[in-house]
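Below is one structure; the comments refer to it alone.
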Amino acid sequence: MPKLNQFKIRIETGDPGMEGLVLFNINSHQIPFENVSGGTGTGEVFEGGFEVNSFAHSLALIGPKKDEWLLRKVTVDYECENAPPYSVEFGEVKLDETTELDIWKDPPLPTFDC
């Protein structure tokens, strides 16, 4: 497992959207995103990030405290120590107060031409 230096997230919201602060859970700690732009209302796009500088044993996007939140598409850009930057895209998912979206994905394995 590589050390996660930082990550950025882009969330395209469907219907229903969500009101309130967007939080993520890293290693059992709930934290708000930094350097945010946009919104999480219906049809809006939210962008944010966080400088972690630690190992991500778990990393998840937290659902809203009430009601539901439809995520049309989620894109996460990762920067890990000793690995090139990489991105992962997640498809449509609905979150509520009991669900989280696991957004931690290990870097892709190196490929070699023979």
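Read the figures in this text as sums done on the coordinates, not as results from a lab. Note that the structure is predicted; figures quoted are calculated from it, not measured. Every residue, glycine as well, gets a Cβ built from its backbone with ideal geometry; the counts of neighbours run over all protein chains shown.
The table for this structure:
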item	result
Output for the range 1-37, where each listed residue is of a type in the set (Val, Ile, Thr), buried (at least 17 other Cβ atoms within 10 Å of the Cβ) and in a strand (DSSP E or B)	Ile9, Ile11, Thr13, Ile26
Residue that is farthest from the chain's Cα centre (by Cα) [pool: residues in the range 76-93 that are surrounded by fewer than 15 Cβ atoms within 10 Å (Cβ to Cβ) and in a strand (DSSP E or B)]	Tyr86
Lone qualifier among Thr40, Thr98 - being in contact with a Gly (Cβ under 6 Å, 6 or more places away or on another chain), of a type outside the set (Gly, Ala, Ser) and assigned to a loop (DSSP other than H, G, I, E, B)	Thr40
Residue among Asp67, Asp96, Asp106 that is surrounded by 12 or more Cβ atoms within 10 Å (Cβ to Cβ) and at positive phi	Asp67
Flag for Thr111 being part of a loop (DSSP other than H, G, I, E, B) and among the hydroxyl-bearing types (Ser, Thr, Tyr)	yes
